[in-house]
Amino acid sequence: MAALLKRGGIWTARIHAGGKEVWRTLGTGDRQEAERKARELECIMKGNRWVRRELDEVIERAGREVQGDEAGLLCETLVTCLLRFLDRMPSDRRDALALEFSKRLVDQQSRKIALKDGWDHWVKSSNRSSQAKARTMAGYSAVWRQFVD
């Protein structure tokens with residue numbers, strides 16, 4: 001972490017990067033703003049990109065410019081990205097985040113169905129990847145009824 005020093009009412013940061021000590025004025029008298037600027041500057045100097053800020057800018061721009069018919073493709077891309085980042089997280093934090101995300105998705109549903117009606121909705125759904133034979137469907141139906149009971 002960069003060391004901060006106040007000179008003449010303006011904060012200055014001392015940053016160690018690449019084996020060198022670098023001093024940079026932060027142009028502010030506010031300590032919180034100076035700490036934020038110092039963190040950003042340190043990331044830049046150490047070769048790290050300020051990813052969160054860049055991501056926020058891209059998402060804000062997408063919110064303004066993405067048309068309705070493009071939203072589905074964008075969501076698919078975001079899901080792929082989320083899965084890659086979730087793999088890097090500790091399992092307990094990842095599970096908690098997945099649970100929170102699932103709850104938010106359920107809360108956003110425009111309509112909810114009763115568990116007992118789930119089988120009929122699934123059978124009529126166009127989202128099923130294949131049509132099973134009658135005997136297989138009868139087996140699935142029996143399993144669903146046992147689950148509901």
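Derivation of every value follows stated rules applied to the coordinates shown; laboratory data play no part. What you see is a predicted model, and the numbers here were worked out from it, not measured in a lab. With ideal geometry, Cβ positions are generated from the backbone for all residues, glycine too; neighbour counts draw on all protein chains shown.
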Next item on the list: Take the Cα radius of gyration of segment 3-48 and divide it by 2.2 N^0.38 Å, with N its residue count; two decimals is plenty.
Entry: 1.08
Next item on the list: Helix by helix through the chain, keep the DSSP H runs that span 24 Å or more along the axis on Cα and average at least -1.0 on Kyte-Doolittle, and give those back in order.
Entry: 68-86, 91-108
Note to self: How much length would be gained if the chain were fully extended between residue 5 and residue 54, taking 0.36 nm per residue of separation minus their Cα-Cα distance, in nm to one decimal?
What the structure shows: 14.8 nm
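Normalised by the number of residues in the chain, what is the relative contact order in percent for Cα pairs under 8 Å and 6+ residues apart?
Values: 79 pairs, mean separation 16.0, N = 149.
Rounded, it is 11 percent for the chain.
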Next item on the list: For an R0 of 22 angstrom, estimate the FRET efficiency from the Cβ-Cβ distance between residue 113 and residue 136 and round to the nearest 0.05.
Entry: 0.45
Next item on the list: Pull out the extension gain between residue 62 and residue 17, defined as 0.36 nm times the separation in residues minus the alpha carbon to alpha carbon distance; nm, one decimal.
Entry: 12.8 nm
Next item on the list: Give the label of the value calculated from the structure for semi-axes √(5λ) of the Cα gyration tensor in Å, choosing from [x] 23, 21, 14; [y] 53, 17, 15; [z] 29, 14, 13.
Entry: [y]
